[in-house]
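J.: Below: one structure in structure tokens.
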Amino acid sequence: MEQNLKSGIDSLSRDRISELPETLRLHILSFLPTEDCIRTSLIAKGWRYLWKFVSSLNFNYSDDHTSTALVREREKFLNFVDQVFMLRDSSDLYEFCLYYRSLRKSLSKSTVRSFNLWVAVALKLRAKKLCLHLYPESSVLELPSSRTLEVLSLTWGTINLQNLSQLCELRTLELVAVGAPSESFSNDLFSYCPALETLRFLGCDFSEWSLMCISAPSLKNIFLDECEWDDCVIKVSAPSLQRLHVNDCVWDNDCTIEVSAQRLNSFKYGFRSLPKSFVFQGLVSVDSAVISSLGACFDYDDIEASKVRFMLGGLLNIRKLNLDIDSDVVFERLPPFDCMEELTVPLYHCICDDYVNSVIKFLNSNCKMQTLNISEFVDRSDFHYDGDEHCCSQVNGRQKFTLHLLKKLVVKFWKRDDKEIEWVELLKSNSPHLNEVIRINSFGQEDEEEGMEDEEEEEDMEDEGGQWPG
Amino acid sequence: MSESTEKKMVRLRSSDGEVFEVEESVAKVAKTLQDMLEEDCADAVIPITCVRAPILTKVIDYCKDQVMISSSSSTTNNPNERTEQERKAWGQKFMEGVDSSTLCELLVASNFLNIEGLLNLGVDKMVSMIQGKYPQEIRDMFNVVNDFTPEEEEEIRNQNAWAFERDPYYKKRSSSK
């Protein structure tokens, strides 16, 4: 293939990159840090002025702690950015990103003045996206009002959060902290952002907070990543909320999450720990939920299993559940879901037949369950499911269970081996109504498809559903 | 997925005269072709004047894959839907072994045919090739002839000294956090 591609008469020695249409070259340059982008001006004459028309500016500076001339280096950087703003064409800017890390305890006045100036110019050039990640934190900048700014990503303390209300078009707000946020926001802060659709907190330590309220009229997405709470009540009340994704957050002591969101559609929860309780109100629209434990060897005791049960108990209408927890205790505790059609489970290394049993039981206790997805076989060296002596349970015969409801089986392979094939065969031979088996390889491509001919199932299943103990 | 009723075929001719016959659904991944087909102004062979056969082959491979992952036997659950991780792995595999000259041709093709996903893959690859490189390295990579006089070169270097003086190989480019 490669040979074939090269075989053009003159393709090897031709300067194809300079032949690319200018718009395309500009598009490529817009993904580069401004420093690299400017460096391309020296490639050849056709590139000399191109950088001036690139619609994104992206600067990255951090103090090199081995340098002896830090003051001069910082100065040079400030001059460089100043110059770029001056020499650049005056066409509209799409984004301005500044990552600045200084070893100083706080930024110098002149530095802050420069930053303020750049932000003002960027907004004057109608920037839609602004990223200001400044360390040390809490170097408050002035944020002029803007009718164009849609995306704002900040380290906590960069601006006075009360100023957010001046950004009438702001749709996405990302707040990043390396530790405890240097200021708190008032409970109704986001209510003043009429267009705000996406809110993300990353790496914030909210341990000092006892109450956190998030409510906004048009908020659609909330992402909480790697944050920390201690003895705190978190209240989310958002009528338009569609997605709530919580990833790798830490909950100490008595934390409670209260969520009231009628339109919530997708709930994702990746965890190493769980808050004490979830209070879900009116989450009638949640269609899919992904619950995954991130700790490889999370030990589930009854309390944790109950918490998961409690969490899912508030999502009774879900249609798709992805439960990435290798614990039979959790499965045992789950209530039946009236609408659930699809279950996704992983098969990790420490699985034993108790787990398989509990999955089978769960599949059979949900009357609409049709599809089982199995993803990521990682390593199942301890995995015995075929009458092996190590088995701790009763599933050790191929006839001992029946999946009455299952119609479709999707297996995502990461590697194929006999065990995987055997496992699929086992499921197939015990699912009388199965009519579709799909295997997907690690590139997301379908490996092979099998249609099974025996199709006399269909309607009568619904009535029987729910009665099979598994 | 399964054998559906007769599929409409479309014929494409590359700049070097090779004719490719593909399913209509595959051709329609390219927005430019989709528009042509929908306006019904493409009955015989569609000439793709700026794309050579080996490149068009690669483009068609991409389109076929897109059709595969977007079609599905049931509407509720598409098993071919990729996770983020799988998409990345697939993209990497697809662009593997693509040399700089081919990459440029792929970019032109995906730009002309308006195939956003392929364009993004190409741009990503191009960005990763250029980032952190000095002008001479970029010239070598893409056979660009330096047409600046030493004086001009000096002038440009001085103008934005900061961008040129620091050695990109030793610079830590910390990503957003």
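J.: At least 1 residues that are more than 18 Å from A:SER293 (Cα to Cα) and of a type outside the set (Phe, Trp, Tyr) in each: list the strands (runs of 3 or more DSSP E) lying fully within the range A:197-281 that qualify. Break it down into steps so the answer makes sense when it comes.
T.: Details: elements: A:198-202, A:211-214, A:221-225, A:228-230, A:233-237, A:243-252, A:256-260, A:266-271, A:277-281.
Counting at least 1 such residues, we get A:198-202, A:211-214, A:221-225, A:228-230, A:233-237, A:243-252, A:256-260, A:277-281.
J.: Hey, another quick one. Would you please name the residue that is farthest from the other protein chains (Cβ to nearest Cβ), looking only at residues in the range B:29-61 that are closer than 25 Å to A:ILE440 by Cα and open to solvent by 10 Å² or more (accessible area, probe 1.4 Å)? Please lay out each step first, then the result.
T.: Residues of the range B:29-61 that are closer than 25 Å to A:ILE440 by Cα, as a first pass: B:29, B:57-61.
Add one more test, that the residue is open to solvent by 10 Å² or more (accessible area, probe 1.4 Å), and what stays is B:29, B:57-58, B:60-61.
Values: B:VAL29: 16, B:THR57: 8, B:LYS58: 7, B:ILE60: 13, B:ASP61: 9 Å.
Among those that are closer than 25 Å to A:ILE440 by Cα and open to solvent by 10 Å² or more (accessible area, probe 1.4 Å), it is B:VAL29.
J.: Looking at A:LEU42, is it crowded, with 20+ Cβ neighbours inside 10 Å, farther than 17 Å from A:LEU24 by Cα, out of contact with any Ser or Thr (no Cβ under 7 Å at 6 or more places or on another chain) and at the interface with chain B (Cβ under 7 Å from one of its Cβ atoms)?
T.: Numbers: crowded, with 20+ Cβ neighbours inside 10 Å: yes; farther than 17 Å from A:LEU24 by Cα: yes; out of contact with any Ser or Thr (no Cβ under 7 Å at 6 or more places or on another chain): yes; at the interface with chain B (Cβ under 7 Å from one of its Cβ atoms): yes.
Spelling it out, A:LEU42 is indeed crowded, with 20+ Cβ neighbours inside 10 Å, farther than 17 Å from A:LEU24 by Cα, out of contact with any Ser or Thr (no Cβ under 7 Å at 6 or more places or on another chain) and at the interface with chain B (Cβ under 7 Å from one of its Cβ atoms).
J.: May I ask you to say which residue of A:LEU173, A:LEU152, A:LEU134, A:LEU117 is outside any loop (DSSP other than H, G, I, E, B), open to solvent by 30 Å² or more (accessible area, probe 1.4 Å), at pLDDT 90 or above and on the phi < 0 side of the Ramachandran plot? Outline the logic, then answer.
T.: Details: A:LEU173 fails: open to solvent by 30 Å² or more (accessible area, probe 1.4 Å); A:LEU152 fails: open to solvent by 30 Å² or more (accessible area, probe 1.4 Å); A:LEU134 fails: open to solvent by 30 Å² or more (accessible area, probe 1.4 Å).
Result of the check over A:LEU173, A:LEU152, A:LEU134, A:LEU117: A:LEU117.
J.: Specify which of the listed residues (B:GLU165, B:GLU153) is exposed (fewer than 13 other Cβ atoms within 10 Å of the Cβ), modelled with pLDDT under 90 and over 21 Å from the mean Cα position of the chain (by Cα). Explain how you work it out, then say what you get.
T.: Details: B:GLU153 fails: exposed (fewer than 13 other Cβ atoms within 10 Å of the Cβ).
On inspection, the qualifying residue turns out to be B:GLU165.
J.: It is to be established whether one or more residues within the range A:75-88 are touching a strand residue (DSSP E or B) at 6+ places or on another chain (Cβ under 8 Å), within 14 Å of chain B (Cβ to nearest Cβ), acidic (Asp, Glu) and open to solvent by less than 70 Å² (accessible area, probe 1.4 Å).
T.: No; the residues of the range A:75-88 include none that is touching a strand residue (DSSP E or B) at 6+ places or on another chain (Cβ under 8 Å), within 14 Å of chain B (Cβ to nearest Cβ), acidic (Asp, Glu) and open to solvent by less than 70 Å² (accessible area, probe 1.4 Å).
J.: If I filter the range A:89-102 down to residues being part of a loop (DSSP other than H, G, I, E, B) and open to solvent by 30 Å² or more (accessible area, probe 1.4 Å), which single residue comes out as nearest to A:HIS27 (Cα to Cα)?
T.: Applying the filter and picking the extreme gives A:TYR94.
J.: Quick check: anything in the range A:334-349 in contact with a Lys or Arg (Cβ under 7 Å, 6 or more places away or on another chain), open to solvent by less than 10 Å² (accessible area, probe 1.4 Å) and either away from every other protein chain (no Cβ under 14 Å) or polar (S, T, N, Q) (or both)?
T.: Yes, some residue in the range A:334-349 is in contact with a Lys or Arg (Cβ under 7 Å, 6 or more places away or on another chain), open to solvent by less than 10 Å² (accessible area, probe 1.4 Å) and either away from every other protein chain (no Cβ under 14 Å) or polar (S, T, N, Q) (or both).
J.: Of all residues in the range A:236-250, which are open to solvent by less than 20 Å² (accessible area, probe 1.4 Å) and more than 19 Å from the chain's Cα centre (by Cα)? First the steps, then the outcome.
T.: Let us first name the residues in the range A:236-250 that are open to solvent by less than 20 Å² (accessible area, probe 1.4 Å), namely A:236, A:238, A:241, A:244, A:246, A:249.
A:ALA238, the sole residue that qualifies.
J.: With (1) modelled with pLDDT of 85 or more; (2) of a type in the set (A, V, I, L, M, F, W, C); (3) open to solvent by 10 Å² or more (accessible area, probe 1.4 Å); (4) under 22 Å from A:THR111 (Cα atoms) as the list, and A:CYS168 as the residue in question, which single condition is left unmet?
T.: (4)
Quick grid of which residues meet (1) in a helix (DSSP H, G or I); (2) buried (at least 18 other Cβ atoms within 10 Å of the Cβ); (3) within 8 Å of chain A (Cβ to nearest Cβ):
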| site | (1), (2), (3) |
| --- | --- |
| B:GLN92 | yes, no, no |
| B:THR102 | yes, yes, yes |
| B:GLU105 | yes, yes, yes |
| B:LEU119 | yes, yes, no |
| B:ARG139 | yes, yes, yes |
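J.: Are there any pairs, at least 6 apart or on different chains, whose C-beta atoms fall under 6 Å, with the first in the range A:317-329 and in a loop (DSSP other than H, G, I, E, B) and the second open to solvent by 10 Å² or more (accessible area, probe 1.4 Å) and of a type in the set (A, V, I, L, M), and if so, which?
T.: Short answer, once both residue conditions are applied: A:ASN317/A:VAL284.
J.: Which of the residues that make up the range A:201-221 are buried (at least 17 other Cβ atoms within 10 Å of the Cβ) and either of a type in the set (Phe, Trp, Tyr) or touching a Ser or Thr at 6+ places or on another chain (Cβ under 8 Å) (or both)?
T.: Of everything in the range A:201-221, those that are buried (at least 17 other Cβ atoms within 10 Å of the Cβ) and either of a type in the set (Phe, Trp, Tyr) or touching a Ser or Thr at 6+ places or on another chain (Cβ under 8 Å) (or both) turn out to be A:PHE201, A:PHE206, A:TRP209, A:CYS213, A:ILE214, A:SER215, A:ALA216, A:LEU219, A:LYS220, A:ASN221.
J.: Does any residue in the range B:100-128 that is within 17 Å of B:GLN66 (Cβ to Cβ) come within less than 9 Å, Cβ to Cβ, of a residue that is among the small types (Gly, Ala, Ser) and open to solvent by 20 Å² or more (accessible area, probe 1.4 Å) six or more places away or on a different chain, and which pairs are these?
T.: If the second residue must be among the small types (Gly, Ala, Ser) and open to solvent by 20 Å² or more (accessible area, probe 1.4 Å), the pairs left are B:SER110/B:GLY117.
J.: Applying the selection to the range A:89-103, what residues are among the acidic types (Asp, Glu) and within 13 Å of another protein chain (Cβ to nearest Cβ)? Even if it seems obvious, please write down each step before you answer.
T.: The first filter runs over the range A:89-103 and keeps only residues among the acidic types (Asp, Glu), leaving A:89, A:92, A:95.
Matches in the range A:89-103: A:GLU95 only.
J.: Another question about this same structure. From (1) of a type in the set (A, V, I, L, M); (2) open to solvent by less than 50 Å² (accessible area, probe 1.4 Å); (3) under 17 Å from the mean Cα position of the chain (by Cα), pick out the condition that doesn't hold for A:ALA261.
T.: (3)
J.: For residues that are in a helix (DSSP H, G or I) and more than 11 Å from chain B (Cβ to nearest Cβ), scanning just the range A:53-74, find the one that is most open to solvent (accessible area, probe 1.4 Å).
T.: Initial filter on the range A:53-74 (in a helix (DSSP H, G or I)): A:53, A:70-74.
Next, from what is left, pick out any that are more than 11 Å from chain B (Cβ to nearest Cβ): A:53, A:70-72, A:74.
Working: A:PHE53: 102, A:LEU70: 32, A:VAL71: 110, A:ARG72: 147, A:ARG74: 33 Å².
Result: A:ARG72.
J.: Modelled with pLDDT of 80 or more, within 26 Å of A:LEU316 (Cα to Cα) and of a type outside the set (Asp, Glu): which single residue out of A:ASN373, A:ASN435, A:ASN357 fits that description? Can you show your working first?
T.: Working: A:ASN435 fails: within 26 Å of A:LEU316 (Cα to Cα); A:ASN357 fails: modelled with pLDDT of 80 or more.
That would be A:ASN373, the only listed residue that is modelled with pLDDT of 80 or more, within 26 Å of A:LEU316 (Cα to Cα) and of a type outside the set (Asp, Glu).
The values are calculated or read from the model by the stated rules, or taken from the named source; none is laboratory data. Just so we're clear, the structure is a prediction, and the values are computed from it rather than from any experiment. Ideal geometry is used to build each Cβ from the backbone, glycine not excepted, and the neighbour counts take in all protein chains shown. In case anyone asks, the SASA skips ligands and DNA or RNA and just uses the protein heavy atoms, side chains included. Shrake-Rupley method; radii C 1.70, N 1.55, O 1.52, S 1.80 Å.
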